[in-house]
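Have a look at the structure below before the remarks.
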Amino acid sequence: MKKIVSMLLILALALSLCVTAFAEDAKTVGIAMPTRSLERWNRDGEYLEEQFKAAGYGVELVYSDNDITQQNNDIGNLIAEGVDLLIVAAIDGESLTQTLADAKDAGIPVIAYDRLIMNTDAISYYVSFDNYQVGVLQGQFVIDTLGLDLNDTSKTYNIEFTAGDPADNNAGFFFGGAFDTLKPYIDAGILNIPSGKTTFEQVATPAWSTDTALENMQNTLASFYSDGTVLDVALCSNDSTALGVAQAISSDYAGSNQPLVTGQDGDIANLQNIVDGKQTMTVYKNVSDEAGVTLELGKAILAGETPDAGLLDSLSAEAAYDTESYDNGTGIIPSYLLVPFVITKDSLQTLVDTGLYAWDGDYLVSTAATT
Ligand code: BGC
């Protein structure tokens, strides 16, 4: 009996030593998200935290209220705490250079999450969607829905653009993808832009603000459409801006047609607008998959590997390994790019099939806890 008790004691001691060793070994990941005020980042933060924790890592998750100084401080604190890996979705892609130099000095690898971080050689990798393709999908949707044909200039349409935050490196890619796709029709006079606002700078929306997009669209409608000019398309780069634009159309547009309104993300309010006919489509990006790709990449980096195209084999989501498109000013940042796709009223069930959304009557709700 004594023998059994002492054997059990030795076993318990060995087990507790193992657990302690494991706990000491557990690495911690610092995750810096821009803001809770734009819906998608709540989902990104939740999925990243959930997936890294499930894989046995410690997680420190911070949100910085769309405030650049705060994000620098928050990341500085994560570095001081000694996290082993940083995952950063930048508020302003140009403003993290010094802070990330500190991360590099401390030997902490950094993954730029969704938004490329500029002018720093501290970034090892970039995980995002094919941002240019997001805009291409929006432009192509307009071409297909209106049935535009370069050989038929008899029917013309009016379009206005709303783009994103100039501080976000993605915003130019979204606008460029859409504008380049539609340019042949603009040049042929099939698509006209009554406001004359044809450049990214003229249609950008700081902080991706819904209120600013609303005001800008109200001004455009007042200045160029109050005489009965028909608006056929409001091409919006994402859902937060589409929300404001759709509101301006509801309240301030005199015409009787419902213009096509594009978006991106699949935010809940926009999915409701799609059901209600106030928004026509959204380009959906499965951010649970984006978190999953980041996890596989993070695991490989923390294991001391130098991931390349071979990582694609371990991913459950479709992605491309890109070593050409994203130069952050210090050179090309190797990128894993996921694939966006179009959602309309007719394909909302596709979102429910992902398990990330559920029907609530006629509308969709997110199954993520924080949204
Ligand atoms: C993201 C978009 C999002 C926008 C505003 C961009 O960087 O890629 O998905 O709509 O930020 O949050």
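The values are calculated or read from the model by the stated rules, or taken from the named source; none is laboratory data. In this text the structure is predicted, and so the values were computed from the model without any measurement. Heads up, the Cβs are rebuilt from the backbone with ideal geometry, glycines too, and the neighbour counts pull from every protein chain shown. The area values use the complete protein model at the heavy-atom level, side chains included, leaving out ligands, DNA and RNA. Shrake-Rupley method; radii C 1.70, N 1.55, O 1.52, S 1.80 Å.
Summary table
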item: Some residue of the range 146-154 being within 16 Å of the ligand (Cβ to nearest atom) and either in a helix (DSSP H, G or I) or outside the structural domain of Gly244 (by TED's automatic domain parsing) (or both); result: no
item: Verdict on Ser316 being surrounded by fewer than 20 Cβ atoms within 10 Å (Cβ to Cβ) and either modelled with pLDDT under 95 or of a type outside the set (Gly, Ala, Ser) (or both); result: yes
item: Qualifying residue in the range 158-168 (condition: away from the ligand (no atom under 16 Å from the Cβ) and of a type in the set (Ser, Thr, Tyr)); result: no
item: Segments classed as strands (runs of 3 or more DSSP E), wholly inside the range 25-133, with at least 2 members that are open to solvent by 10 Å² or more (accessible area, probe 1.4 Å); result: 58-63, 123-129
item: Residues of the range 236-265 satisfying the condition of being within 14 Å of the ligand (Cβ to nearest atom), in a helix (DSSP H, G or I) and of a type outside the set (Asp, Glu); result: Ser240, Thr241, Ala242, Leu243, Gly244, Val245
item: Failed item, numbered, when Tyr363 is tested on (1) within 19 Å of Asn238 (Cβ to Cβ); (2) open to solvent by 60 Å² or more (accessible area, probe 1.4 Å); result: (1)
item: Search result, residues across the range 142-169 that are open to solvent by 30 Å² or more (accessible area, probe 1.4 Å) and out of contact with any helix residue (DSSP H, G or I) (no Cβ under 8 Å at 6 or more places or on another chain); result: Asp144, Thr145, Leu146, Gly147, Asp149, Asn151, Asp152, Thr153, Ser154, Lys155, Thr156, Asn169
item: Strands (runs of 3 or more DSSP E) contained entirely in the range 321-371, each with at least 2 residues that are in contact with a helix residue (DSSP H, G or I) (Cβ under 9 Å, 6 or more places away or on another chain) and in contact (Cβ under 8 Å) with a residue 60 or more places away in the chain; result: 335-338, 341-344, 363-366
item: Candidates Asp130, Asp84, Asp121 - the one that is touching a Leu at 6+ places or on another chain (Cβ under 7 Å), acidic (Asp, Glu) and under 22 Å from Gly329 (Cβ atoms); result: Asp130
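Okay, residues lined up against (1) within 15 Å of the ligand (Cβ to nearest atom); (2) aliphatic (A, V, I, L, M); (3) at pLDDT 95 or above:
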residue	(1), (2), (3)
Phe175	yes, no, yes
Ala178	yes, yes, yes
Asp187	no, no, yes
Pro206	yes, no, yes
Thr229	no, no, yes
Asp267	yes, no, yes
